[in-house]
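Comments concern the structure below.
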Amino acid sequence: MHPTLAEDRARLAELLQSVHGLASRELAGLDDRPAWQPRLAPVPEPLPAEGSGAQGALARFAEQWAPGFSGSAGPRYLGFVTGGATPASIAADWLTSVYDQNAGGGGGSSAAALERQTLTWLRELFGLGAAHSGAFVTGSTMSNTVGLAVAREWLGEQRNVSVSEDGTAALGPVTVLSGAPHSSIGKAASVLGFGRAAVRRTPLLPGNREAVDVAALARELEGLDGRPAIVVANLGTVDTVDFDDLRAIAALKDRYGFWLHADAAFGAFAALLPSHAHLTDGLDAADSVCVDLHKWLNVPYDSAVVFTRRQDLQARVFHNSSPYLGLPALPDPDFLHLTPENSRRLRALTAWFSLVAYGRDGHREIVARNTALAVGLGDALAEVPHLRLLAPVRLNVVCFTLAGSPTPQAVQAAVQAVAATGEAFVTPTSYRGVPALRAAFSNWRTTRADMERALAAITEATAPKM
Ligand SMILES: *Cc1c(COP(=O)(O)O)cnc(C)c1O
């Protein structure tokens, strides 16, 4: 063994103490770490020939790199939809590396069983029935991709072709219909061979809505004349968190024979709130469902789940069997037969820990508090003369803009000005053609005081200069 490695092995406990020290200090300071850091990276260095040991690496990291890391896990980072990491999930993330299980196969470890247990709990949390089987993946982009890959196989099955064997060409063109799809749907369409142009935006409901107009959707499906179609329903659009009427969409399935995929990346968490649970009605009727966990479950990156009603087709797409072993036995084959990855981190452990530590009630409290803070910020911003709310706050996102007719450049400058305060971070968007800003609440740490600090920073940084 290399002497430096041997030395590290001998002093592993000490090393972990040092890491513990740094981690504790960083987490204690997280509430006040600037939400945004200018991109200052140290000058590039040559590959070390001689190592400096883990303590040396730790010291170098703490000095050179850690200061440039943002406070994105902190309470006033309101950009995108960025959850933090609960104490239990951080502990679990450390242990995931300590045990270093490969949850791809079941062989000789209970790790895959822990993943299945966690998936059963999550299914219950989001109101899905036993017909849905799940798997952990890295994020909602991958979850959407897996859902659409199973859809593709199903479309083939309807036409007596096997896409997984013979390729997408055997199926012919596929149309993906969606009202306000997340950008990852285009990415999935590109990866899966449909092409980004296959994603067609269906008209939205009139009024200030981002939910699909189901009557218009039916007309689009009619116009396809039986050609292969996937409908992506959106539960929680990123700009204004609107929800498609899943039951009404599902009711069209018999007539038009499409696969219904639900992108509920963060909207699924509405199911935890008695006041909002109706928004997720019909989730169980979807053929596949995407839910992110590194957003509103507040586990560290990266973690999401995909649920499908056709585990058999999922295994046909993703199985990793050698020809002489044949297809994996169903139900519940090893996860390497269900996901893009073969070798897989035990990603479920962070969710397992957080659910055991805080339960349904603890997680409901996070969702309820974030939602109340978003409503509070929306109410307050609506009163600021130089700002304008663009949509009602339906859940955890506030979509607003500058008064008048702001240009994209003015909005970008406002985003920068807010970020430069270090107090809060919001992201730019375009809502119905209007350049806008959005503030999304999904971090377990965020308190009313944080919301008020963010409000002050946004109000001051966007004020017209005299
Ligand atoms: C965030 C998000 C995604 C993509 O998720 P990643 O975890 O970033 O891959 C997809 N759909 C919706 C609605 C999202 O909010």
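When each of the peptides 362-373, 123-134, 145-156 is scored by the mean number of other C-beta atoms lying within 10 Å of its residues, the order from highest to lowest reads 145-156, 362-373, 123-134. Label zone of Lys187 (point 7 Å out along Cα→Cβ, amide N under 16 Å): in the stretch 202-242 this covers 238. Residue ranges 249-255, 199-205, 172-178, 322-328 sort as 172-178, 199-205, 249-255, 322-328 when ordered by packing (mean number of other C-beta atoms within 10 Å per residue, highest first). Residues Phe318, Phe307, arranged from fewest to most other Cβ atoms within 10 angstrom of their Cβ, appear as Phe318, Phe307. The alpha carbons of the stretch 36-152 stretch over 53, 40, 33 Å along the principal axes, in descending order.
Charge dipole (Cα centre; +1 on Lys/Arg Cβ, -1 on Asp/Glu Cβ; no other charges) of the chain amounts to roughly 620 debye.
Per-residue packing, averaged as other Cβ atoms within 10 Å, sorts the ranges 19-32, 442-455, 377-390 into the order 442-455, 377-390, 19-32, beginning with the highest.
Residues within the reach of a label modelled at Gln55 (point 7 angstrom out along Cα to beta-carbon, backbone nitrogen below 17 Å), restricted to the stretch 1-17, are 3-17.
Placing a label point 7 Å from the Cα of Ala413 along the Cα-to-Cβ direction, the residues of the stretch 451-466 whose backbone N falls under 18 Å of that point are 458-466.
Based on Cα contacts under 8 Å between residues 6+ apart, the chain shows a relative contact order of 21 percent. The order of Trp65, Trp259, Trp94, going from fewest to most other C-beta atoms within 10 Å of their C-beta, is Trp65, Trp94, Trp259.
Only helical runs count toward this figure. For the chain, summing -39,500 (n - 2.57) over DSSP H runs of n ≥ 4 and dividing by all residues gives -12000 deg cm²/dmol at 222 nm. Of all DSSP-defined beta bridges confined to the chain, some 60% are antiparallel rather than parallel. Across the stretch 102-345, the relative contact order, built from alpha-carbon pairs under 8 Å that are at least six residues apart, equals 26 percent. The ellipsoid equivalent to the alpha-carbon distribution of the stretch 80-229 has semi-axes of 34, 22, 14 angstrom, derived from the gyration tensor eigenvalues as √(5λ) and listed largest first.
Taking the Cβ of Leu128 as the center, what net charge do the other residues with Cβ under 13 Å away carry, scoring Lys and Arg +1 and Asp and Glu -1? With Lys, Arg at +1 and Asp, Glu at -1, the net is -2.
For Arg309, the shell of other residues with beta-carbons less than 11 Å away shows a net charge of -2, using +1 for Lys and Arg and -1 for Asp and Glu.
Once the Cα-Cα distance is subtracted from the 0.36 nm per residue extended length, the Thr459 to Ala6 segment shows a gain of 157.5 nm. Run through every distinct alpha carbon pair of the stretch 94-149 and return the Kirkwood hydrodynamic radius in angstroms, one decimal place. That comes to 12.9 Å for the stretch 94-149.
Here the gap between Arg360 and Ala449, fully extended at 0.36 nm per residue and compared with their Cα-Cα distance, gives a gain of 29.5 nm. Of interest is the spacing of the C-alpha centroids, which for the stretch 368-439 and the stretch 208-268 amounts to 27 Å. Annotation: average projected area of the chain is 25.4 square nanometres, based on the convex hull of Cα atoms across all directions. Calculate log10 I(q)/I(0) of the stretch 102-345 for q = 0.12 Å⁻¹, where I(q) comes from the Debye formula with a single equal point scatterer on each Cα and nothing for solvent. Debye intensities relative to I(0), on a log10 scale: -0.64.
Quick check: the distance between the Cα centres of the stretch 310-346 and the stretch 3-75, to the nearest angstrom? Taking the Cα centre of each part, the stretch 310-346 and the stretch 3-75 sit 38 Å apart. Over all other residues within a Cβ to Cβ distance under 15 Å of Asn160, the charged ones net out to -1, with Lys and Arg as +1 and Asp and Glu as -1. Give me the Kirkwood hydrodynamic radius of the stretch 36-84, using the inverse of the mean 1/r over all pairs of distinct Cα atoms, in Å to one decimal. For the stretch 36-84, the Kirkwood estimate is 13.1 Å.
Read-outs throughout are calculated quantities, based only on the coordinates presented, and are distinct from any laboratory measurement. What you are looking at is a predicted structure, and each value in this text was computed from that prediction instead of being measured. Here the Cβ is made from the backbone with ideal geometry for all residues, glycine too, and neighbour counts use every protein chain on show.
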